[in-house]
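A.B. asks: There's a structure below that I have some questions on.
The values are calculated or read from the model by the stated rules, or taken from the named source; none is laboratory data. Small disclaimer: the values here were computed from a predicted structure and weren't measured. Heads up, the Cβs are rebuilt from the backbone with ideal geometry, glycines too, and the neighbour counts pull from every protein chain shown.
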Amino acid sequence: MGKKERPLVIAGNWKMNKTVAEARKLAQELVEGADIIQASTAVLCPPFLTLETVAKTIESTAYRLGAQNVYWENAGAYTGEVSPPMLRAVGCQYVIVGHSERRQYFGETDASVNRRIKAAQDSGLIPIACVGETLQEREAGKTRDVIKRQITGVLEGLSAEAVEALIIAYEPVWAIGTGMTAEPEDTDEVHAYIRDLVQEKYSPEVARSLTILYGGSVNDQNAQSLLSMRNIDGALIGGASLKAPSFLQILKTAESLMA
């Protein structure tokens, strides 16, 4: 197996888990294994209330900080929202946008994801933009139709440079938190299709440089087979990111594939 074409990105999405004290403890445990990180990029995305604590804990390590969502205005009367400059000020370099749970429970759309991408990039954040089909859509054979619609909407009005500067995460909704994982070959095929769509809209160079993560019940047992695929450039990890040993093992796997 040849060396990976693009550096692997391993992002842990802690979702709505961990108090400040619990987040500090988990971050400390992860820092103890930080010397693993050499060629890959490791991003921790804790809840808003724990961002500052985690930022201080991982300071001077190879870990990078990300948030789980962001609003598209820099300031104003938007009760409960968090702006890009606020995230930058607390130390964030990355932000997840359009996660399927945000779409399912909070009315996120491709259009709102697009606005978030633009606002995040304007503030110097790297968006991790999520796309993926439901089980019903998959069983109806509509995976490609859904992905095409989402990618078209998410990338609307973005320049080639903007696309090169973001990350796409393919996360089939039916595989998130269910223990069900798409077969590596099937997943790689969808990633290749996303790359084809980007090539068609922009250029082969932009498509080649684009980082596409897989998200959907990734753990330390299946990471090797998924990350070995040609078009899979890393993982957006939920449950397995909440336990230091499993997240560190996934990072170790990523590093071995880049050696």
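A.B. asks: Does region 195-233 hold any residues that are under 17 Å from the mean Cα position of the chain (by Cα), among the hydroxyl-bearing types (S, T, Y) and within 14 Å of A165 (Cβ to Cβ), and which are they?
C.D. replies: Selection gives S209, T211.
A.B. asks: Then there is this: Here is a check on your reading of the model: is A175 touching a Gly at 6+ places or on another chain (Cβ under 6 Å), modelled with pLDDT of 95 or more and either crowded, with 21+ Cβ neighbours inside 10 Å or polar (S, T, N, Q) (or both)?
C.D. replies: no
A.B. asks: Kindly check whether there is at least one residue in region 155-165 that is under 19 Å from R102 (Cβ atoms) and either free of Cβ contacts under 8 Å to residues at least 40 places away in the same chain or not aliphatic (A, V, I, L, M) (or both).
C.D. replies: yes
Residue-by-condition table, conditions (1) touching a Ser or Thr at 6+ places or on another chain (Cβ under 8 Å); (2) buried (at least 20 other Cβ atoms within 10 Å of the Cβ):
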site	(1), (2)
L8	yes, yes
G12	yes, yes
N17	no, no
V20	yes, no
Q28	yes, no
A34	yes, no
T41	no, yes
K56	no, no
T61	no, no
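A.B. asks: Just the residues that are of a type in the set (A, V, I, L, M) and within 29 Å of N114 (Cα to Cα), please, taken from region 30-61.
C.D. replies: A42, V43, L44, L49, L51, V54, A55
A.B. asks: In addition: Looking only at region 94-142, count how many residues are under 20 Å from E156 (Cα atoms), of a type in the set (A, V, I, L, M, F, W, C) and at pLDDT below 95.
C.D. replies: Residues flagged as under 20 Å from E156 (Cα atoms), of a type in the set (A, V, I, L, M, F, W, C) and at pLDDT below 95 within region 94-142 amount to 0.
A.B. asks: Among the strands (runs of 3 or more DSSP E) confined wholly to region 36-152, which include 1 or more residues that are among the aromatic types (F, W, Y)?
C.D. replies: Fully inside region 36-152 and qualifying: 94-97.
A.B. asks: Given the options I147, I167, I194, name the one that is modelled with pLDDT of 95 or more and touching a Ser or Thr at 6+ places or on another chain (Cβ under 7 Å).
C.D. replies: I167
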